[in-house]
Amino acid sequence: MDTVTKEKRSEMMSGIRSRNTKPELLIRKGLFKLGYRYRINSKIYGKPDIVLKKYNAVIFIHGCFWHGHIGCENFKIPKSNTQFWVEKIEKNRDRDAGVLNYLRASGWRICIIWECAIRGKTQMKNFDKIINRISKWLISKRIWIEITSDTYNKQ
Ligand SMILES: [Zn+2]
């Protein structure tokens, strides 16, 4: 028996939709489709978003603001409380650098995906390309890959 009202159902559906459009989820799904298996919520230092142990690889999906994506249009220090934000983002960047150094020293290969590469409609058109780039990297010997938006690359 269907006890869920129309309103409730559409609420649920939209909830599901918005959860599924989360960048991390899309990347995971895309990799899964290609046959990659991974761990999430791993205990690895720095809490990578996706861990592919078989490939010695970790993937971080970085929000451009919080992680201070320099040169990116999504990273602008607010006009008020400027000093606070500068210091906060600087701290985050330092922490990220520490995590990456540690992971590299521990033999992990690292992929950084900046959110500007996978957010928004234009970016979604390139989604398969991005998944392919990650896939190529995974089976390569390269230690490091960083993926940003096309607009960023044009700058
Ligand atoms: Zn960015």
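The values are calculated or read from the model by the stated rules, or taken from the named source; none is laboratory data. All of these numbers come straight from a predicted model, not from anything done at the bench. Positions of Cβ are generated from backbone atoms using ideal geometry, with glycine treated the same way; all protein chains shown enter the neighbour counts.
Structural remarks
- Residue within the stretch 66-88 that is buried (at least 17 other Cβ atoms within 10 Å of the Cβ), at pLDDT 90 or above and within 16 Å of E24 (Cβ to Cβ) present: yes
- Matching residues, the stretch 92-112, being hydrophobic (A, V, I, L, M, F, W, C), within 20 Å of F75 (Cβ to Cβ) and out of contact with any Leu (no Cβ under 9 Å at 6 or more places or on another chain): A97, V99, L100
- Scan of the stretch 86-110 for residues that are within 16 Å of the ligand (Cβ to nearest atom) and either farther than 11 Å from H62 by Cβ or polar (S, T, N, Q) (or both), ordered by number: I89, N92
- On inspection, N132 does not qualify as within 16 Å of the ligand (Cβ to nearest atom), over 14 Å from the mean Cα position of the chain (by Cα) and not aliphatic (A, V, I, L, M).
- Condition broken by I113, with the remaining ones in (1) more than 16 Å from the ligand (Cβ to nearest atom); (2) surrounded by 18 or more Cβ atoms within 10 Å (Cβ to Cβ); (3) not in a helix (DSSP H, G or I) satisfied: (1)
- The listed residue being among the aromatic types (F, W, Y), closer than 19 Å to I145 by Cβ and at pLDDT below 95, out of Y38, Y55, Y102, Y45: Y38
- Tabulated pairs, the stretch 112-136, first touching a residue at least 60 places away in the same chain (Cβ under 8 Å) and on the phi < 0 side of the Ramachandran plot, second within 16 Å of the ligand (Cβ to nearest atom) and of a type in the set (G, A, S), C-beta under 6 angstrom, 6+ apart or interchain: E115/G63
- Scanning the stretch 50-66 for residues that are free of Cβ contacts under 8 Å to residues at least 40 places away in the same chain and within 16 Å of the ligand (Cβ to nearest atom) yields a count of 2.
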